[in-house]
Amino acid sequence: MKKEDLLEDRSPIEDFLRMDRIPHIWCPGCGIGIVVTSFAEALRKSEIDLDKVAVVSGIGCTGRVAGYVKLDSFHTTHGRAIPFATGLKLANPELKVVVFSGDGDIFGIGGNHFIHAARRNMDIIVICVNNFNYAMTGGQVAATTPIMANASTAPYGNFEYPFSLPYLADASGATYVARWTALHLRRVTKSIQEALAKRGFSFIEVITPCVTLYARRNRLGDGLNLLKYYYEKSEIQHGADTRTLDISYQGKLIVGKFVDIEKPPFLDCMNEHLAKVLGEKYQAYGV
Amino acid sequence: MKADPKGVLTGAHYLDGDYALAEGALAAGCRFFAGYPITPSTETAERFSARIPYVGGIFIQMEDELGSIAALIGASWGGKKAMTVTSGPGFSLMMENIGLACMMETPLVIANVQRGGPSTGLPTLTGQQDMMQAKWGSHGDYEIIALSPDSPQECFDLTIEAFNLSETYRVPAFVMTDECVGHMHERVIIPPAEEIELVERKWYTGPKDKYLPYKPDKDMIPFMVKAGDGYLFHTTGLTHDERGYPVIDAECQDFCVRHLCDKIRKNADKIIRIEEEETDGAEVIVVSYGITSRVAIRAVQKARKAGIKVGTLRLITVWPFPEKRIYQLAKKVRAFVVPEINYRQIVFEVERCTAGEAPVIHVPHCGGWVHDPEEIFKAIKEAAK
């Protein structure tokens, strides 16, 4: 029997990955791979046409996701994945466009684009891997670092208030908002499936271990220790008020699906409005 | 291929340069415009936003210029011809992603209606001060194409040309106009659609598993596909091989950078457009571009009346630069005169190309207004001595 015939030698995720680019660059114990696995599983379960799914990433550890998924995939500049995705989606509305990037990329350098894409209800999915620090560059303090946590540019501990990502997404107009940890593999998958089935701006935050930098600097142990923390301190509260979702250092992690509403996305608004105002002369777009 | 009549407003119009840029884009088949308001370029976005609902396409006002240029690259990979318009400060903000567009070999067009700088400078007054930034503004080695219209008519014509060049060479193309041309109203003739010749990027149609997004074709330009067509391609701002996969080493960097530069450098003769008058036997040649070339006409006429043999060379494409032609002329003339609305930019390029064969007299103007033709005349007289 040939090796490739052995069923157990091949993971179903391989259909979704550029196997010629494996092994990946992520550290042992990193949570990004878990989120990619969930994403692949969600694509498989959704039975979605993979030719019509595009992934856009920015820069950073999670920014590398675009390079590993076997889809039309774009590894763009730091912070600009969302406006890139906006252009891609509007130019080819039949695409499902998924932005896959980190907290520093989406909420540090790219924060303005996030709130505006949510405000417009741009029909894209944003998956943010939140590891509480800038990992690719060596563990610097981020807009998501909890107060007290140590980072390489906050060597005496962070004293800045961090963003609560679901609260920001909700306030900006997102129609789907969920938060999970890398421990909640199946729930992440389900959220991505729901987002894929939805029209509008969907946001999924996944809190993940950064063993090499965040955890080591804060003496939090290895990946297993972090997953144990998620297990002990996470609490599922579907529909929780997004104002109550702040994360304190090693404190409680409220997870769940917080927002799931229907609202016409950007292109529907554009087509409906202009058709109403301009009448028959309007050339409807992307329908 | 011919233009789609839907976007072509055939007829004689009285338009300003900014509006003509928008009409040129629509005639060229641009169906995606992302922009951010900035004086003195905003009228182009306004015109496009008013016209596109009747043509079929997207206008989106982005949250900033960083967003505009990123959206353009995305839209181009989504299969649309895409454009934005801006001025100095916005152009500065776009620089990083102009590098990405070059690296990903993405066709798109940026019009820069220049104003006086640096910084906020002179928002409402003219300048030609972003000419070097157009060439060098993003980090690393790359090449772009830049055109310089001298009238609203050329704003229309050269926007079409910019799209054609951008699509041909898979490179960002800039229409480097200025406040004066942008706000100047003149007659603009828009021809019938069947008289407008358009070029589209080379679409790949071969087997899906054989597609290599960065494999140079015989003419050096790789074939392109759009997202959603099933090629499952990858593209990145990192140094990459023919597959578009990142390869972080010196060898791949050499392949990648040489390709990005050489596809323009080796095709420069095909891209460059200049307009010469009476350069044969000229003692002095005035090299200029955009609005300044029109201002220089008065000085040239006066000099000719005074018996000086003056030729003119107008740069229609500024980048790539007509270095061979300048060098040829340098061996024949007594001197060059370079008036421009900045404090030494394109004059450096002329000096470089003359290779010491002829002196170059610069006529600077720091911006805010066009030259007094008398200053250019004085320089011509000086050059003829």
Exercise. If you go through the range B:246-305 one residue at a time, how many are outside any helix (DSSP H, G or I) and of a type in the set (A, V, I, L, M)?
Worked result: 9
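Does the range A:113-123 contain any residue that is of a type in the set (Asp, Glu), more than 7 Å from chain B (Cβ to nearest Cβ) and part of a loop (DSSP other than H, G, I, E, B)? Lay out the reasoning, then the answer.
If we filter the range A:113-123 for residues that are of a type in the set (Asp, Glu), which is where we start, we get A:123.
Going one step further and asking which of them are more than 7 Å from chain B (Cβ to nearest Cβ), we end up with A:123.
Right, trim to part of a loop (DSSP other than H, G, I, E, B) and you get A:123.
Yes.
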Exercise. Would it be correct to say that residue B:44 is surrounded by 24 or more Cβ atoms within 10 Å (Cβ to Cβ), more than 10 Å from every other protein chain (Cβ to nearest Cβ) and part of a strand (DSSP E or B)?
Worked result: no
Exercise. Pick from the range B:49-81 the residues that are assigned to a strand (DSSP E or B) and either within 7 Å of chain A (Cβ to nearest Cβ) or charged (D, E, K, R) (or both): which of them is farthest from residue A:285 (Cα to Cα)?
Worked result: B:81
Problem set entry | Those residues of the range A:124-143 which are surrounded by 21 or more Cβ atoms within 10 Å (Cβ to Cβ) and either within 14 Å of the chain's Cα centre (by Cα) or in a strand (DSSP E or B) (or both), in sequence order | A:124, A:125, A:126, A:127, A:128, A:129, A:130, A:131, A:132, A:134
Exercise. Going by the conditions given, is residue A:213 crowded, with 21+ Cβ neighbours inside 10 Å, of a type outside the set (Val, Ile, Thr), in contact with a Gly (Cβ under 9 Å, 6 or more places away or on another chain) and under 30 Å from residue B:53 (Cα atoms)?
Worked result: no
For this session: Please enumerate the residues belonging to the range A:246-287 that are surrounded by fewer than 18 Cβ atoms within 10 Å (Cβ to Cβ), in a loop (DSSP other than H, G, I, E, B) and among the hydrophobic types (A, V, I, L, M, F, W, C).
Result: A:261, A:284, A:287
For this session: Please work out which one of (1) within 14 Å of another protein chain (Cβ to nearest Cβ); (2) in contact with a strand residue (DSSP E or B) (Cβ under 8 Å, 6 or more places away or on another chain) is the condition residue B:296 fails and give its number.
Result: (1)
Seminar exercise, completed: Condition set under 15 Å from residue B:31 (Cβ atoms) and not polar (S, T, N, Q), scope the range A:275-287, selection farthest from the other protein chains (Cβ to nearest Cβ): answer is A:287
Seminar exercise, completed: Picked from the range B:137-168 (must be under 16 Å from residue B:103 (Cα atoms) and in contact with a Gly (Cβ under 7 Å, 6 or more places away or on another chain)), the residue surrounded by the fewest Cβ atoms within 10 Å (Cβ to Cβ) is B:139
Exercise. Is there a residue in the range A:185-202 that is crowded, with 19+ Cβ neighbours inside 10 Å, more than 24 Å from residue A:50 (Cβ to Cβ) and not β-branched (Val, Ile, Thr)?
Worked result: no
Exercise. Which one is nearest to the other protein chains (Cβ to nearest Cβ), of the residues in the range A:59-98 that are touching a Ser or Thr at 6+ places or on another chain (Cβ under 6 Å) and assigned to a helix (DSSP H, G or I)?
Worked result: A:84
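Only the coordinates and a few stated rules stand behind these numbers; no lab work does. Keep in mind the model is a prediction, meaning the values are calculated, not measured. Every residue, glycine among them, receives a Cβ derived from its backbone with ideal geometry; neighbour counts consider all protein chains shown.
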